[in-house]
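Q: Mind looking over this structure? Questions follow.
Computed from the coordinates by the stated procedures, all read-outs in this text should not be read as laboratory data. If you're wondering where the values come from, they're calculated on a predicted model, not measured in any experiment. Virtual Cβ from ideal backbone geometry, glycine too; neighbours counted across all protein chains shown.
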Amino acid sequence: MKFILSYILTLLFVSNVLADEMAEMIPHVSKKAQQSYQYNYAYANMNRAFAIAPGGAWAWSAGEENIEAAKRVALEKCHSFSEQTCTLYAVNNETVFDRSEWSRLWRPYKTHQQLKNTAVGIKRGEIFPDLEYKDLFGNVKSIHELKGKVVFVHFWACWCPSCQYEFASLTEFYRIIKDTMGDSVEFVILQAREPIEWSLAWAKKNNFDILPLSDSGAKSEDDDEFYLKGGKKIKDRKIAKVFPTSYVLDKHGVVAFSHMGSIENWTEYVAFIKDVEINSGK
């Protein structure tokens with residue numbers, strides 16, 4: 001009897017350790033998702049599945065009629081939280097995540113022919129608005145002038161705690177991209193509701209001035225508009241519902257990825273950026 005009890009406890013311990021390790025390996029997701037995997041999903045009824053998407057969306061289902069139903073429900077729930085393609089991370093106790101396919105989930109990228117019927121907007125698959133801004137040398141530029149490159153657009157402010165928190169990871173991400181991909185990726189980092197002088201001073205004070213900060217044209221805390229090429233303006237919340245907000249545009253200027261809020265580790269997205277650079281713009 002003691003042997004059986006000891007054996008059961010050992011199995012439970014091993015199962016718990018494996019669940020902990022698997023949770024820590026889930027890419028992009030938050031601590032809350034990892035804990036849900038460890039303490040909820042791992043002990044839920046069988047016929048269960050756990051789904052994730054680039055950017056951190058996640059969902060799971062358990063106690064379904066069969067495995068196929070569990071997969072379908074988990075993927076549907078995950079997709080309800082994200083425009084990105086969801087994929088399965090685990091089915092019952094088995095990790096089924098295909099890391100080799102993970103960085104390809106921003107696909108398919110639109111072809112030049114498909115652009116004719118593509119709307120301008122901020123959703124995945126839409127052509128990003130032609131924002132106008134100034135670089136640090138005072139040169140006036142616009143988003144659409146950058147077509148032919150992958151463009152990382154980021155909206156932030158030095159008064160925003162989440163933006164400040166994210167800058168260390170963003171800086172490392174920028175270094176890696178520039179070291180490995182050079183000028184094929186353009187970074188457009190635009191301040192919101194503050195003059196560029198405030199942004200530059202904060203970045204320099206905190207050793208983040210390696211980032212190529214650009215000037216959105218915002219002049220004060222009450223200035224809630226960005227400029228479009230041609231002189232029109234657009235409310236900043238039409239593009240960035242929260243700060244920070246980030247977009248990745250393919251070589252046609254089409255939104256391949258967007259994220260509202262801060263990201264824990266931007267370096268997890270390097271492989272995605274490489275995939276966009278190699279496979280978009282055709």
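Q: Which value, in debye to the nearest 20, gives the size of the charge dipole of the chain about its Cα centre, when Lys and Arg are +1 and Asp and Glu are -1 at the Cβ? Let's see the in-between values first.
A: Details: 34 positive and 36 negative charges, 115 e Å.
The calculated dipole for the chain is roughly 560 debye.
Q: Taking K and R as +1 and D and E as -1, what net charge do the other residues with C-beta under 10 Å from the C-beta of Phe257 add up to?
A: Numbers: positive: Arg124; negative: Glu83, Asp250.
The answer is -1.
Q: Taking only the alpha carbons of the chain, what extent do you get along each of the three principal axes, in Å, biggest first?
A: The principal-axis extents, from largest down, are 79, 47, 35 Å.
Q: Follow-up question, since we're still on this one. Please report the relative contact order for the chain, taking Cα pairs under 8 Å with a sequence separation of at least 6, and give it as a percent rounded to a whole number. Could you put the intermediate results ahead of the total?
A: Numbers: 526 pairs, mean separation 52.1, N = 282.
Value for the chain: 18 percent.
Q: In whole Hz, with x marking every Gly and Pro, tabulate ³J(HN,Hα) for region 149-165 from phi via Karplus 6.51 cos²θ - 1.76 cosθ + 1.60, θ = phi - 60°.
A: 10, 7, 10, 9, 10, 9, 10, 8, 7, 6, 7, 9, x, 5, 5, 4, 4
Q: Moving to a separate point now. Using a 7 Å offset from the Cα along the Cα-to-Cβ direction at both Val270 and Asp98, what is the distance between the two label points in nm, to one decimal?
A: 2.4
Q: Moving on. Per-residue ellipticity at 222 nm for the chain, helices alone: DSSP H runs ≥ 4 residues times -39500 (n - 2.57), over residue total, nearest 500 deg cm²/dmol? Intermediate results must be reported in sequence, preceding the final value.
A: Values: 8 runs with 95 residues, N = 282.
That comes out to -10500 deg cm²/dmol.
Q: Still on this structure, I have one more. Residue by residue, what Karplus-based ³J(HN,Hα) values in Hz, rounded to whole numbers, does region 218-224 have, using 6.51, -1.76 and 1.60 with θ = phi - 60° and x for Gly and Pro?
A: Going residue by residue, I get 4, 10, 7, 5, 8, 7, 10 Hz, with x marking Gly and Pro.
Q: While we're on this one: Exactly which chymotrypsin sites (Phe, Trp or Tyr not before Pro) in region 115-178 are in a DSSP loop and have at most 16 other Cβ atoms within 10 Å?
A: Working: sites: Tyr133, Phe137, Phe152, Phe155, Trp156, Trp159, Tyr165, Phe167, Phe173, Tyr174; in loops: Phe137, Trp159.
Answer in residue order: Phe137, Trp159.
Q: Taking 0.36 nm per residue of separation and subtracting the Cα-Cα distance, what length does fully extending Glu76 through Met260 add?
A: Details: separation 184, 0.36 × 184 = 66.24 nm, distance 2.07 nm.
Length difference between fully extended and current span is 64.2 nm.
Q: Could you pull out every residue, at least 5 positions away or on a different chain, whose amide H is within less than 5 Å of the one on Glu221? Hs are placed 1.01 Å off N in the peptide plane, and Pro or chain starts have none.
A: none
Q: In the chain, what percentage of the DSSP-assigned beta bridges are antiparallel, given to the nearest 5?
A: Values: 30 of 40 bridges.
Percentage antiparallel, nearest 5: 75.
Q: Ok, one more. Do any cysteines in the chain lack another Cys Cβ under 4.7 Å, and if so which?
A: Cys158
Q: For region 113-279, place one equal point scatterer on every Cα, skip the solvent, and apply the Debye formula. What is log10 of I(q)/I(0) at q = 0.13, 0.16, 0.18, 0.19 Å⁻¹?
A: These q points yield log10 I(q)/I(0) values of -0.58, -0.91, -1.19, -1.34.
Q: Could I ask something else about it? Can you sort Leu75, Leu213, Leu136, Leu200 from fewest to most other Cβ atoms within 10 Å of each residue's own Cβ? Numbers along the way, then the final one.
A: Details: Leu75 20, Leu213 23, Leu136 12, Leu200 17.
Arranged by neighbour count, lowest to highest, Leu75, Leu213, Leu136, Leu200 become Leu136, Leu200, Leu75, Leu213.
Q: Among Trp159, Leu75, Leu213, pick out the residue whose Cα is farthest towards the positive end of the charge dipole of the chain, where Lys and Arg carry +1 and Asp and Glu carry -1 on C-beta, about the Cα centre.
A: Leu75
Q: List the GluC sites (Glu not before Pro) within region 94-129 that fall in a DSSP loop (any state other than H, G, I, E or B) and whose Cβ has at most 14 other Cβ atoms within 10 Å.
A: Values: sites: Glu94, Glu101, Glu126; in loops: Glu126.
Loop-located and lightly packed - none at all.
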